[in-house]
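Student: Pasting in a structure now, in structure tokens, and then I'll have a few things to ask.
What follows is calculated from the coordinates using simple rules that are stated; it is not laboratory data. Keep in mind the model is a prediction, meaning the values are calculated, not measured. Note that each Cβ is placed from the backbone with ideal geometry, even for glycine, and that neighbours are counted across all protein chains shown.
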Amino acid sequence: MNDNLHQLRCCGCGVRIRREQAGSIFRCKDCGDLFEVEYPGWDLAAGSASRGTDRPNAGALRWVWRERRASSELLDHSGVWRFRELLPILDSFGNAVTLREGNTPLYHLTRTARSLGIDQLFAKHQGMNPTGSFKDTGMTSALSVAKERSYKWVACASTGNTSAAMAAYAARAGLRSLVLIPQGKIAWGKLSQSMDYGAVTCQLNTDFDGCMKVLSTIVQQAPVYLLNSVNPYRLEGQKTPALEIAEYFDWSVPEHIIVPGGNLANSSALGKGFREMKALGLISRLPKISIVQAEGANPLVRSFAQSGGKSIEPVAANTRATAIRIGNPASWRKAVRVIEETGGWCLDVTEGEIAVAKAELGLEGIGCEPASAVTLAGLKKLKAAGHVEASDTVVLLLTGHTLKDADYTIGFHRGTLLEPEEAAQVAGEMAGLRRDAVEVEATPDAVLNALGEIEGRWDS
Ligand code: F0G
């Protein structure tokens, strides 16, 4: 049986192509926009040729997905392929390359909820994936397509997490991988991963957007499969956290989901996941999806302010949250659609606000990388603006593990991360959060004295 039920549709002009026609470029020949994966057999519209012939039944899906949790089959252990009926993109699911991604925890953030005056606040921690970021969910799907189509080489430009994920999945599949990263502008943890997993890693003297430009020419000249998120198969895997969230809440959905925005594929993928679940009758309404960017890398925020999301002007991006240091996001049009159809917001936060939010998530015993912390910083602003009610259930999507960028965390606690004027803006919040390590003589008395000095009455 062929498991493949999809076609590709251009988000700009709506033209449809067969999957073989996409090659490795993933831009529409007519209008230059991106494609998205579409399943014509799910469509119930009267004019549709296949009119619902492959449309899965919502009740049966819920049952089979739950049953698979107890299954011993490798594919069922993946939090992506457990939902494989919603991503029929392979000729055979037997070709899937998996590292048991997905199935990530949804943590209750009780302390933060209390301090913000929100009843129910959760963090869906995508940093708990095999390579430490949400990219694994999209890499298992797109790299499986590369393998099935017999590519020998895969490639991506990256701010670090895509490259770590791609290198790992390529190694598992026995494919070679080429990574282009901006020199000196990615966290060491991420660079070390692509080396460890055997990628050919090129540091280019440019930013992420420059790396992307170089790579888009390379894929036209060499038989390498492009695994950046312009590849629509990435989004098919990346939509599955939406399914996990809906399943967790017993197929009702939270009022609000907040995600970081860089190249804007993640927000687009989550929106697609909820949209498809609603179309299939798995859920009855969409959650609001809001996107938060760093103030120094905020092209989507500017797009809404300047043109209501109709056009985008690239910016020269700069933020210490290096994962989202992106000035010319590829998936901006898809992200605009998600905000408009769900009624979410797009906003930005300062470097100080990101640092404080990251430390607060650390104190919940969870932690995340700086790019993920924009979600909490954004939530505070949304709450203050009255866009989030006290009775709302809110989910923050944390995208990367705290160990990805230990330099950032240490810089914060040592007081060397922020410029004085940035720190001054958040001085009050920072005061109780910094926990620098102290050097102490190797005696019990010295340690007890240090405890007393740091904590005051530490024994109570
Ligand atoms: N959070 C983290 C930790 C990321 O690594 C990224 C993107 C994002 C958020 C933003 O997601 O691009 O889909 O809007 N990292 C890419 C990379 C660009 O190359 O690893 P997005």
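Student: Can you list which of the GluC sites (Glu not before Pro) found in region 371-426 are DSSP loop residues with at most 15 other C-beta atoms within 10 Å?
Tutor: Here the sparse-neighbourhood loop sites are 389.
Student: Counting Lys +1, Arg +1, Asp -1, Glu -1, what net charge surrounds residue 391 among other residues with beta carbon under 11 Å of its beta carbon?
Tutor: -4
Student: OK, next. For residue 185, which aspartates and glutamates qualify as cross-link partners when the Cα separation must be under 13 Å and same-chain residues fewer than eight apart are set aside?
Tutor: 207, 209, 405, 407
Student: Ok, one more. Could you please report the charge total around residue 121, scoring K, R as +1 and D, E as -1 over all other residues with beta-carbon less than 13 angstrom from its beta-carbon?
Tutor: With Lys, Arg at +1 and Asp, Glu at -1, the net is -1.
Student: If neighbour count is taken as other Cβ atoms inside 10 Å, put 90, 451 in order from fewest to most.
Tutor: Fewest-to-most ranking of 90, 451: 451, 90.
Student: Next up: Please report the antiparallel percentage of the DSSP beta bridges confined to the chain, to the nearest 5.
Tutor: Antiparallel bridges: around 25 percent, rounded to the nearest 5.
Student: Under a cut-off of 13 Å between alpha-carbon atoms, report the aspartates and glutamates in cross-link reach of residue 334, not counting same-chain residues fewer than 8 places apart.
Tutor: 33, 36
Student: Rank the residues 282, 227 as a footprinting-exposure proxy: fewest other Cβ atoms within 10 Å of their Cβ go first.
Tutor: Final ranking by Cβ density, sparse to dense: 282, 227.
Student: Please report the net charge: other residues with Cβ closer than 10 Å to the Cβ of residue 296, K and R +1, D and E -1.
Tutor: Neighbour charge sum, excluding residue 296 itself: -1.
Student: Could you compute the FRET efficiency for residue 213 and residue 69, with r as their C-beta to C-beta distance and R0 at 35 Å, rounded to 0.05?
Tutor: 0.20
Student: Semi-axes of the equivalent ellipsoid for the chain, please: Cα gyration tensor eigenvalues, times 5, square-rooted, ordered largest first, whole Å.
Tutor: Equivalent ellipsoid semi-axes, largest first: 36, 25, 22 Å.
Student: Fewest Cβ neighbours within 10 Å first, please rank 128, 277, 139 accordingly.
Tutor: The order, fewest Cβ neighbours first, is 128, 277, 139.
Student: Per residue of the chain, what 222 nm ellipticity follows from adding -39500 (n - 2.57) for every DSSP H run with n ≥ 4, rounded to the nearest 500?
Tutor: Computed mean residue ellipticity for the chain: -11500 deg cm²/dmol.
Student: Please report the relative contact order for region 166-209, taking Cα pairs under 8 Å with a sequence separation of at least 6, and give it as a percent rounded to a whole number.
Tutor: 49 percent.
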